[in-house]
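The values are calculated or read from the model by the stated rules, or taken from the named source; none is laboratory data. What you see is a predicted model; the values in this text were computed from it and never measured. When we count neighbours, we look across all protein chains shown, and the Cβ atoms used for this are built from the backbone with ideal geometry, even at glycine.
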Amino acid sequence: MPQCKNCGSCAINHNHYGRDGTDPNLCDACYWRTKAERSASDVKRLREWIREEGERNNTCTFNVLGDVCGYCECKRKHSNNRNEGLSKAVPLD
Ligand SMILES: [Zn+2]
Ligand SMILES: [Zn+2]
């Protein structure tokens, strides 16, 4: 019976729990923990990329990341904002 290379468990069920055949030497628990850790670091990389692209394009990423961007401090930098303001301009008395 194969054992998990990580924890020695024999609970390796490739036909169950939605396993996709990767990490054949990991038990079910370690398989999912490894997957979760991988996707967590993927998300981190993606967020980093979005932040950098936003800064490069001068676009606010608050709606995507949920964080206030350092470069715009969420004054919602957007080239359209000015035009929007003009189209619904309120008469000044
Ligand atoms: Zn294991
Ligand atoms: Zn922002």
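Cβ-Cβ under 8 Å, sequence separation 6+ or interchain: first residue in the range 61-74 and within 16 Å of V43 (Cα to Cα), partner among the hydroxyl-bearing types (S, T, Y) and part of a loop (DSSP other than H, G, I, E, B). Which pairs?
D67/T61
Give just the number: which of (1) modelled with pLDDT under 90; (2) under 30 Å from G8 (Cβ atoms) does P24 not satisfy?
(1)
Give me a count of the residues in the range 30-68 that are surrounded by 15 or more Cβ atoms within 10 Å (Cβ to Cβ) and either within 16 Å of ligand 1 (Cβ to nearest atom) or of a type in the set (S, T, Y) (or both).
6
I need every pair where a residue in the range 32-56 that is without any contact (Cβ under 8 Å) to a residue 12 or more places away in the chain has its Cβ under 8 Å from the Cβ of a residue that is in a helix (DSSP H, G or I), sequence separation at least 6 or different chains.
Filtered contacts from the range 32-56: no entries.
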